[in-house]
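Participant: Please read through the structure below; I'll follow up with questions.
The values are calculated or read from the model by the stated rules, or taken from the named source; none is laboratory data. Since the model is a prediction, treat every value here as computed from it, not as a measurement. Using ideal geometry, Cβ is built from the backbone for each residue, glycine included, and neighbour counts are taken over all protein chains shown. The accessibility values were calculated without ligands, DNA or RNA, using every heavy atom of the protein model including side chains. Shrake-Rupley method; radii C 1.70, N 1.55, O 1.52, S 1.80 Å.
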Amino acid sequence: MVHTWRCTGLRWGGAEPCLVWEGGRRSPLPRGKAVAFEVVDGGGRTCVGARGHACPVRAGVPGRSSGARCEECARLDRAHSVAADTFADDPRPYHVYLAWFGPGLVKVGITVVERGSARLLEQGAVCFAWLGRGPLMAARRAEEVLRAALKVPDRIPYAEKRLLRSALPERAERTGELAVVHGRALALPGWPESLEPVAFQAVDHFGVFGLDGLPAADGVVSELAAGGVVGGEVLAVAGPDLHLATGRGVVVLDTRLMTGWELTAPTGEGARDAVTVPVRQVAERGGGVQDGLF
């Protein structure tokens with residue numbers, strides 16, 4: 001009988017990334033570790049449910065969905081999230097942060113104070129700084145002020161982040177750009193009175209992610225498929241992304257694509273560095289992307 005597992009995603013415990021599996025088992029992902037799995041043939045990808053509850057109909061979901069939720073479960077999950085602004089009376093304090101992902105890529109966001117920097121690790125922020133602390137709606141107001149006045153976005157696509165990780169400037173340049181935006185932000189009029197400003201202090205994740213000497217990616221897994229294999233050696237882990245050295249070059253796997261599938265240990269010679277799922281070629285920043293490199 002083939003033993004199978006279901007992945008619930010990549011989690012950052014402190015500064016250590018781990019793949020987490022149904023039942024609670026964790027697989028640490030240190031640099032140099034061999035990662036290899038096969039998608040069980042004959043099955044499909046099913047919805048992971050919402051808010052800790054299984055999907056009542058085990059609906060099928062597309063292979064390219066990073067959320068792995070059917071339409072109904074996605075609606076329920078978002079309805080109970082901070083992003084949906086459905087809990088304006090949340091009494092917990094929130095941080096407003098600025099996150100840097102590469103030259104010219106700075107975003108603003110909020111996270112509940114009790115989570116610390118976990119949100120920044122999950123997003124793959126190369127460095128970040130707290131900007132303010134206060135009630136939820138004041139934090140939301142600060143986000144709006146920065147978007148309107150400084151054109152600082154609250155979202156940056158992962159495709160943009162991945163393109164820059166192998167050619168990042170030195171720490172002084174990374175934190176310097178962040179410091180400039182931080183100073184401009186605190187000088188803006190309209191800063192919410194109930195939001196306490198936080199003095200600039202950068203936190204750098206370059207070493208935590210293992211980005212030193214990271215080679216440029218040749219491709220990005222676009223989806224998993226029944227019977228497909230992914231195998232390689234961990235070069236770096238940033239946010240949900242694994243950068244793997246494989247027999248087909250450096251391939252990035254967004255671990256969110258693993259959820260909803262039944263996975264098993266691969267069989268056959270060469271499976272440890274094989275990639276037999278659809279992979280798209282990495283294009284230059286701002287350029288198009290060709291599908292199906294392998």
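Participant: With Rg and Dmax of the Cα atoms in Å defined as stated, name the option among (i) 19.9, 61; (ii) 17.9, 55; (iii) 20.0, 65 computed from the structure displayed.
Facilitator: (iii)
Participant: With only Lys, Arg, Asp and Glu charged, each at its Cβ (+1 for the first two, -1 for the last two), find how big the charge dipole of the chain is about the Cα centre; round to the nearest 20 debye. Please report the intermediate quantities before stating the final value.
Facilitator: Values: 34 positive and 33 negative charges, 51 e Å.
Here the size comes out at about 240 debye.
Participant: Then there is this: Per-residue accessible area for Ser222 at 1.4 Å probe radius, Å² rounded to 10?
Facilitator: Estimated to the nearest 10 Å², Ser222 gives 10 Å².
Participant: Another question, if that's okay. Grab the Cα-Cα distance for Val112 and Lys33, subtract it from 0.36 nm times how many residues apart they are, and report the gain in nm with one decimal.
Facilitator: Working: separation 79, 0.36 × 79 = 28.44 nm, distance 3.24 nm.
So the chain would gain 25.2 nm between Val112 and Lys33.
Participant: Express the accessible area of region 177-255 per residue in Å², computed with a 1.4 Å probe while the remaining protein chains stay in the model. List each step's numbers first, then the result.
Facilitator: Working: 2920 Å² over 79 residues.
Solvent-accessible surface per residue comes out at 37 Å².
Participant: Can you compute the charge dipole magnitude of region 1-78 about its Cα centre, using +1 on each Lys and Arg Cβ and -1 on each Asp and Glu Cβ, nothing else charged? Give it in debye, rounded to the nearest 20.
Facilitator: Numbers: 13 positive and 7 negative charges, 44 e Å.
For this selection, approximately 220 debye.
Participant: Nearest 0.05, what FRET efficiency do Arg26 and Glu233 give at R0 = 22 Å with Cβ-Cβ as r?
Facilitator: In this case the efficiency is close to 0.70.
Participant: Could I ask something else about it? If you average the C-alpha positions of region 223-287 and of region 41-73 separately, how far apart do those two centres end up, in angstrom?
Facilitator: 20
Participant: Along the positive direction of the dipole of the chain (beta-carbon charges: Lys, Arg +1; Asp, Glu -1; about the Cα centre), which of Gly23, Gly232, Pro266 reaches farthest?
Facilitator: Positive-end residue among those listed: Gly23.
Participant: Which ³J(HN,Hα) values, rounded to whole Hz and listed in residue order, are derived for region 67-75 from phi using the Karplus coefficients 6.51, -1.76 and 1.60 in 6.51 cos²θ - 1.76 cosθ + 1.60 with θ = phi - 60°, glycine and proline given as x?
Facilitator: In residue order, the calculated couplings are x, 6, 10, 6, 4, 5, 5, 5, 5 Hz.
Participant: Tally up the carbon and sulfur contribution to the accessible surface of region 37-147 as a whole percent, 1.4 Å probe, everything protein left in place.
Facilitator: Accessible surface attributable to carbon and sulfur in region 37-147 totals 52 percent.
Participant: Could you sort 73-79, 49-55 so that the peptide with the highest average Cβ count within 10 Å comes first and the rest follow in order?
Facilitator: Highest mean packing first, the order is 73-79, 49-55.
Participant: May I ask you to derive the relative contact order of the chain, considering only C-alpha pairs under 8 Å and at least 6 residues apart, and to give it as an integer percent?
Facilitator: Once divided by the residue count of the chain, the mean separation gives 25 percent.
Participant: Mind checking the full-extension length gain between Arg272 and Glu173? Use 0.36 nm per residue of separation minus the Cα-Cα distance, one decimal, nm. Before the final figure, lay out each step's value.
Facilitator: On the way: separation 99, 0.36 × 99 = 35.64 nm, distance 3.78 nm.
Gain on extension, Arg272 to Glu173, equals 31.9 nm.
Participant: Separate question: How big is the convex hull of the Cα atoms of region 1-74, per residue, in Å³?
Facilitator: 138
Participant: Working out 0.36 nm times the residue gap between Ala265 and Glu196, then minus their Cα-Cα distance, what length gain in nm do you get to one decimal?
Facilitator: Contour length minus the Cα-Cα distance gives 19.8 nm.
Participant: Please list, by residue number, every one of the GluC sites (Glu not before Pro) in region 75-177 that is coil in DSSP and has at most 15 other beta-carbon atoms within 10 Å.
Facilitator: For GluC sites (Glu not before Pro) across region 75-177 that sit outside H, G, I, E and B with at most 15 neighbouring Cβ atoms in 10 Å, the list reads Glu170.
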